[in-house]
1. Hey, quick one: spin label on Leu126, modelled 7 Å out along Cα-Cβ, who in region 81-110 has an amide N within reach, i.e. under 19 Å?
2. Report the local net charge at Pro169: Lys and Arg +1, Asp and Glu -1, summed over other residues whose C-beta lies under 10 Å from its C-beta.
3. For the chain, modelled as a GNM with alpha-carbon contacts under 10 angstrom, which of Leu64, Leu201, Leu138 fluctuates the most?
4. Could you work out the local net charge near Tyr180, counting Lys and Arg as +1, Asp and Glu as -1, over the other residues with Cβ closer than 14 Å to its Cβ?
5. Tell me the carbon and sulfur percent of the accessible area for the chain, rounded to whole percent, probe radius 1.4 Å.
6. Would you work out which of Pro44, Trp68, Ile34 lies farthest towards the positive end of the dipole of region 1-138, given +1 charges on the beta-carbon of Lys and Arg and -1 on that of Asp and Glu, about the Cα centre?
7. Given the chain, what count of lysine pairs have C-alpha atoms under 21 Å apart, with each pair 8 or more places apart or on different chains?
8. Assigning unit charges at the beta carbon (Lys, Arg +1; Asp, Glu -1) and nothing else, what dipole magnitude in debye, to the nearest 20, does the chain show about its Cα centre?
Amino acid sequence: MSELKTYAVWDAGTRWFHWINVLCFSALAIIGLIILNADALELPTAGKLTLKTIHVLAGYLFALNLLWRIIWAFFGNRHARWSAILPGGKGYLLAVRSYIAAFMAGHPEQYLGHNPLGRLGVSLLLLLMTIQAVTGLLLAGTDLFYPPLGHWIAEWVAAPGIAPDSLKPYSPEMYDSAAYESMRAFRKPFVTIHQYNFYALISVVALHVASVIITELKEGGNIISAMFTGQKIINGLAVDEDRDIHQ
């Protein structure tokens, strides 16, 4: 019988990022879907403005948390670093083939950190989240005149004699009509990217959750609880085991 071993895998910085990200993404997705269907739901202007404000505030936390994770990938433990996240490197394709073959054969290889396919999935998630955060920050400026671009957008569209800092959303009497139309044309492709990237992101998130559940069932490990405790239990030998770190 294989020996069960406990390893310290996910550090506090990684765990805090993960669960804050879950909460932010869930809130942003729900509010975003309501905003997308605001007309069908017959929401009043004040209601839409309130939802957009909450959406942007949650988006700031989402973006700051994502920035933290990007920085932490340079300073966290070995499982949190870019070298353990990004796909590629010497032997990566061989590791992918080996992992898939073992998984299909019913005796999956166990990893302390992300397995080869997991690295691909996490990298894709980080890329899609970055696109969503960047486009969202831009749209916050064009919709609500919020930072970081809000002041510049307000200066662009303010009518003569109107102080840019006094502009309010949904107040066309305060805007120069030609400048406002030009700004909306500039904004349009970013709206499209933000919307369709959201669909891609939510699809990859669903795939990520399903993959974690299936992998845990197949391997019999504790992938989900490890993201709470930081401790991962391995039955036998992990492919990426460092014998100096097991307890």
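1. 81-93, 96
2. On the way: positive: Lys48, Lys52, Lys168; negative: Asp143.
That sum, taken over residues with Cβ under 10 Å, equals +2.
3. Leu64
4. -1
5. Working: 9500 of 13860 Å².
Percent of accessible area from carbon and sulfur atoms in the chain: 69.
6. Trp68
7. On the way: Lys5/Lys218; Lys5/Lys232; Lys48/Lys168; Lys48/Lys188; Lys52/Lys168; Lys52/Lys188; Lys168/Lys188; Lys218/Lys232.
For the chain, qualifying lysine pairs total 8.
8. The calculated dipole for the chain is roughly 400 debye.
The values are calculated or read from the model by the stated rules, or taken from the named source; none is laboratory data. Just so it is clear, the model here is predicted, and its values are computed rather than measured. Note that each Cβ is placed from the backbone with ideal geometry, even for glycine, and that neighbours are counted across all protein chains shown. Protein only, heavy atoms only, side chains kept; ligands, DNA and RNA dropped before computing areas. Shrake-Rupley method; radii C 1.70, N 1.55, O 1.52, S 1.80 Å.
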